[in-house]
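Below is one structure, written out as structure tokens; comments come after it.
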Amino acid sequence: MEYVTLNNGVKIPQIALGVFQIPDNDDAKAACLSALKMGYRHIDSAHHYHNEAGVGAAVRESGIPREEIWVTSKLWQNEYADETAIDRMLARFGLPYL
């Protein structure tokens with residue numbers, strides 16, 4: 001896996017599994033578990049995809065240390081000013097951080 005170094009020196013996997021158009025949490029979980037087993041360490045999601053719970057379940061159940069897996073997501077523009085939007089997103093994923 002190749003990594004890109006961010007401005008703060010942190011390295012992020014260059015290639016991510018995108019879960020757009022995976023129809024539900026069960027399918028998202030299965031896809032993410034398969035990808036993690038194959039060596040992926042970055043999953044890209046969004047609230048609009050409606051499969052955050054499946055992504056989070058896969059991360060938790062993968063057996064891979066959480067700090068080795070990047071999970072990225074997106075907020076809708078109408079959520080930018082909402083200080084609780086990230087907390088709600090984390091709850092949907094069931095993860096302590098993104």
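The values are calculated or read from the model by the stated rules, or taken from the named source; none is laboratory data. From a predicted model like this one, the values you see are computed outputs, not experimental measurements. With ideal geometry, Cβ positions are generated from the backbone for all residues, glycine too; neighbour counts draw on all protein chains shown. Keep in mind that these areas ignore ligands, DNA and RNA; they rest on the heavy atoms of the full protein, side chains included. Shrake-Rupley method; radii C 1.70, N 1.55, O 1.52, S 1.80 Å.
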**Asked** Residues of the chain: accessible area per residue at 1.4 Å, in Å²?
**Response** 62 Å²
**Asked** PRE reach from His48 (point 7 Å along Cα→Cβ): which of the range 1-41 fall under 15 Å by backbone N?
**Response** 19-22
**Asked** How large is Rg over Rh for the range 47-91, taking Rg from the Cα atoms and Rh as the Kirkwood inverse mean of 1/r across Cα pairs?
**Response** 1.02
**Prompt:** Round to a whole number: what % of the accessible area of the range 23-67 belongs to carbon and sulfur, probe 1.4 Å?
**Reply:** 51 percent
**Cα-projected label distance for Arg60 with Lys74, points at 7 Å along beta-carbon direction, nm** = 2.6 nm
**Asked** Please state the relative contact order of the chain as a whole percent: Cα pairs under 8 Å, 6+ residues apart?
**Response** 25 percent
**Request:** Pop the C-beta distance of Thr84 and Ile12 into the FRET formula with R0 = 30 Å and round what comes out to the nearest 0.05.
**Result:** 0.70
**Prompt:** Looking at the chain, what % of its DSSP beta bridges pair antiparallel, to the nearest 5?
**Reply:** 40 percent
**Request:** Would you pull out the residues with amide H under 5 Å of Val71's amide H, same chain only if 5 or more places away, H placed 1.01 Å from N?
**Result:** Ile43
